[in-house]
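K.L.:
Quick one: this structure, given as structure tokens, is what I'll be asking you about.
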Amino acid sequence: MNRLETLWKYQELDLQMDQYIMEKKNSDSRQKLLKIKNYLLKQEKNLLHMDDNADKKLDLLAKLEAEFNSLNDRIQAQLEKLKSDDVLSVQELEEITKEGLVLNDSIRKKEEELKRIRQEHENFQEKLDDIRRKVADAKNEYLDVKKDYDAEVKKINEELLKLKKQRDKIGEGISKSLLAKYKNIKASKSPVISLLTDNQCDGCFMSLASLVVKRVKDGNRIVECENCGRILYYREVEDDIPS
Ligand SMILES: [Zn+2]
């Protein structure tokens, strides 16, 4: 086997490995996991924010309740005064009645405000509970999908290991400098080796000068495509040989 044929075989296994690596990266379960993870991260932030808001609402509620109670106390105090045996002047009575009306009005308003804030808090709590439930569901789904994904990855990694062993075994028969050249090109483009087809580089489809074609066909040296930088290889395909 000449060195380019060896490198070609090396590349075949290398490309198969790439496919498995892509498969792993693009696997449905991996995409699903990423999606759930994103959702969970978003909801976590959301919940933190909502908890904060819920605390503020509770503080407001406590404040309103205190105000409401103090108004009630004042009304009670006035009622006590009216019920007592003290003799009140007309002016005192009028004042008490006037203040009573104002207090009543304030109490009604406070009650409405309390009702509104309580309702808001209740709705908010429902929303929070709903999100918490969804987050719990998403976490369970994540665990389920993760199991599938782990099984998939395990299978792929086994295949990859097998291919790597085969590839590296072939690599032992390739000179270090050629292998380094291969890896260097591979870092920016794949596949690395281009077949010479109809005097063209089949990596970039540029027509090659006849001198270049001759050099490639001779196979004495490594020739790179002037246009795309791939290693050119003239390979007589077995299918072309009539049987
Ligand atoms: Zn090319």
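The values are calculated or read from the model by the stated rules, or taken from the named source; none is laboratory data. As the structure is a computational prediction, the values presented were derived from the model and not from experiment. No Cβ is skipped: glycine too gets one built from the backbone with ideal geometry, and neighbour counts run over all protein chains shown.
K.L.:
Here's a check for you: in segment 207-236, which residue that is among the basic types (Lys, Arg) and away from the ligand (no atom under 14 Å from the Cβ) is farthest from LEU4 (Cα to Cα)?
P.N.:
If we take residues in segment 207-236 being among the basic types (Lys, Arg) and away from the ligand (no atom under 14 Å from the Cβ), then LYS214 is farthest from LEU4 (Cα to Cα).
K.L.:
Right, something else. Can we say ALA187 is closer than 30 Å to GLU44 by Cβ, exposed (fewer than 11 other Cβ atoms within 10 Å of the Cβ) and either within 16 Å of the ligand (Cβ to nearest atom) or modelled with pLDDT of 95 or more (or both)?
P.N.:
no
K.L.:
Sticking with this structure for a sec: Given the conditions (1) of a type in the set (Lys, Arg); (2) within 15 Å of the ligand (Cβ to nearest atom); (3) under 39 Å from the mean Cα position of the chain (by Cα), report the number of the one that LYS147 does not fulfil.
P.N.:
(2)
K.L.:
Of (1) surrounded by fewer than 17 Cβ atoms within 10 Å (Cβ to Cβ); (2) in contact with a Gly (Cβ under 6 Å, 6 or more places away or on another chain), ARG230 satisfies all except one. Which?
P.N.:
Only one criterion is unmet by ARG230, namely (1).
To keep it simple, each residue is scored yes or no on (1) of a type in the set (Gly, Ala, Ser); (2) in contact (Cβ under 8 Å) with a residue 40 or more places away in the chain; (3) loosely packed, with under 12 Cβ neighbours inside 10 Å.
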position: LEU71; (1), (2), (3): no, no, no
position: ARG74; (1), (2), (3): no, no, no
position: GLN78; (1), (2), (3): no, no, no
position: ASP85; (1), (2), (3): no, no, yes
position: LEU101; (1), (2), (3): no, no, yes
position: ARG108; (1), (2), (3): no, no, yes
position: LEU114; (1), (2), (3): no, yes, no
position: GLN119; (1), (2), (3): no, no, yes
position: ILE131; (1), (2), (3): no, yes, no
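K.L.:
Any residue in segment 19-42 that is touching a strand residue (DSSP E or B) at 6+ places or on another chain (Cβ under 9 Å) and assigned to a helix (DSSP H, G or I)?
P.N.:
no
K.L.:
Further question: Tell me which residues, restricted to segment 100-146, are touching a Lys or Arg at 6+ places or on another chain (Cβ under 8 Å) and among the hydroxyl-bearing types (Ser, Thr, Tyr).
P.N.:
Residue satisfying the conditions is TYR142 alone.
K.L.:
All but one of (1) more than 15 Å from the ligand (Cβ to nearest atom); (2) over 30 Å from GLU23 (Cβ atoms) hold for TYR182; state the number of the condition that does not hold.
P.N.:
All conditions pass for TYR182, except number (2).
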